[in-house]
1. For the range 4-17, does any single residue satisfy the condition of being surrounded by 10 or more Cβ atoms within 10 Å (Cβ to Cβ), modelled with pLDDT under 90 and not in a helix (DSSP H, G or I)?
2. Looking only at the range 48-58, decide whether some residue is at pLDDT 95 or above, in a helix (DSSP H, G or I) and surrounded by 10 or more Cβ atoms within 10 Å (Cβ to Cβ).
3. Might you check whether a residue that is of a type in the set (D, E, K, R) and surrounded by fewer than 10 Cβ atoms within 10 Å (Cβ to Cβ) occurs anywhere in the range 27-36?
4. Please enumerate the residues belonging to the range 20-44 that are over 20 Å from Lys8 (Cα atoms) and part of a helix (DSSP H, G or I).
5. Here is a check on your reading of the model: is Ile67 part of a helix (DSSP H, G or I), within 23 Å of the chain's Cα centre (by Cα) and hydrophobic (A, V, I, L, M, F, W, C)?
Amino acid sequence: MRGEKGGKYTTVSIPVTLYNRIKAMIEGTGFTSVSQFVTYVLREVIADMERQKLESEAITEEEKEKIIERLKALGYL
């Protein structure tokens, strides 16, 4: 399937009751379809999860200081 900007799309199933709730909620907004809204929400959730993962992988200042101390002790600094 082709989508926006030539990208490919697939189908994801959601319960009909959820679909109907979303459809009612987006009336009068800038969203033109349930699919557009769901894509927006999923992009936001994924971006947040990726941000959290990067933050959890970053070293703390304390870890950084320990690394510097080890490098100094080994004569590298």
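1. Checked against the condition, which is being surrounded by 10 or more Cβ atoms within 10 Å (Cβ to Cβ), modelled with pLDDT under 90 and not in a helix (DSSP H, G or I), the range 4-17 yields no hits at all.
2. First, the residues of the range 48-58 that are at pLDDT 95 or above: none.
No, the range 48-58 contains no residue that is at pLDDT 95 or above, in a helix (DSSP H, G or I) and surrounded by 10 or more Cβ atoms within 10 Å (Cβ to Cβ).
3. The answer is yes, given that some residue of the range 27-36 is of a type in the set (D, E, K, R) and surrounded by fewer than 10 Cβ atoms within 10 Å (Cβ to Cβ).
4. Scanning the range 20-44 gives Asn20, Arg21, Ile22, Lys23, Ala24, Met25.
5. Answer is no for this residue.
Results for (1) among the small types (Gly, Ala, Ser); (2) under 16 Å from the mean Cα position of the chain (by Cα), shown as yes or no for each residue.
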residue: Phe31; (1), (2): no, no
residue: Ala47; (1), (2): yes, yes
residue: Leu54; (1), (2): no, yes
residue: Ala73; (1), (2): yes, no
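The values are calculated or read from the model by the stated rules, or taken from the named source; none is laboratory data. Quick caveat, the model's predicted, so the values are computed rather than measured. Note that each Cβ is placed from the backbone with ideal geometry, even for glycine, and that neighbours are counted across all protein chains shown.
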